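To start, the structure under review is shown below, and the notes come after it.
The values are calculated or read from the model by the stated rules, or taken from the named source; none is laboratory data. Computed from a predicted structure; not experimentally measured. Cβ sites come from the backbone with ideal geometry, for glycine too, and all protein chains shown count toward neighbours. Surface accessibility is based on the protein's heavy atoms, side chains included, excluding ligands, DNA and RNA. Shrake-Rupley method; radii C 1.70, N 1.55, O 1.52, S 1.80 Å.
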Amino acid sequence: MADEEFTHDLTSLLVIAEDIRDGRRTAPFTSDELYRLCNELKRAIALLGANEGEFIVLEGEGDL
């Protein structure tokens, strides 16, 4: 299921954030990890807002 894949991706990135916060990882997010985190957060916001009639265009989607 696609939602499970997105949930897994976001969860894995949040684990990295927790590791950084808690000192288990000393390196900051890589640029790729930060890019993925932003996109996954936008996707989560879009999915949550869909029930309320909100619309968010994700990068690469809806381009003319």
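Here are a few things to note about the model shown:
- In region 25-41, the residue that is nearest to THR11 (Cα to Cα) out of those that are open to solvent by less than 70 Å² (accessible area, probe 1.4 Å) and outside any helix (DSSP H, G or I) is PHE29.
- In region 1-24, the residue that is modelled with the highest pLDDT out of those that are open to solvent by 60 Å² or more (accessible area, probe 1.4 Å) and outside any helix (DSSP H, G or I) is ARG24.
- Pairs meeting the criteria (first residue in region 39-50 and small (Gly, Ala, Ser), second residue modelled with pLDDT under 85 and surrounded by 13 or more Cβ atoms within 10 Å (Cβ to Cβ), beta carbons under 7 Å, at least 6 apart or on different chains) are ALA44/LEU10; ALA46/ILE56; GLY49/ILE56.
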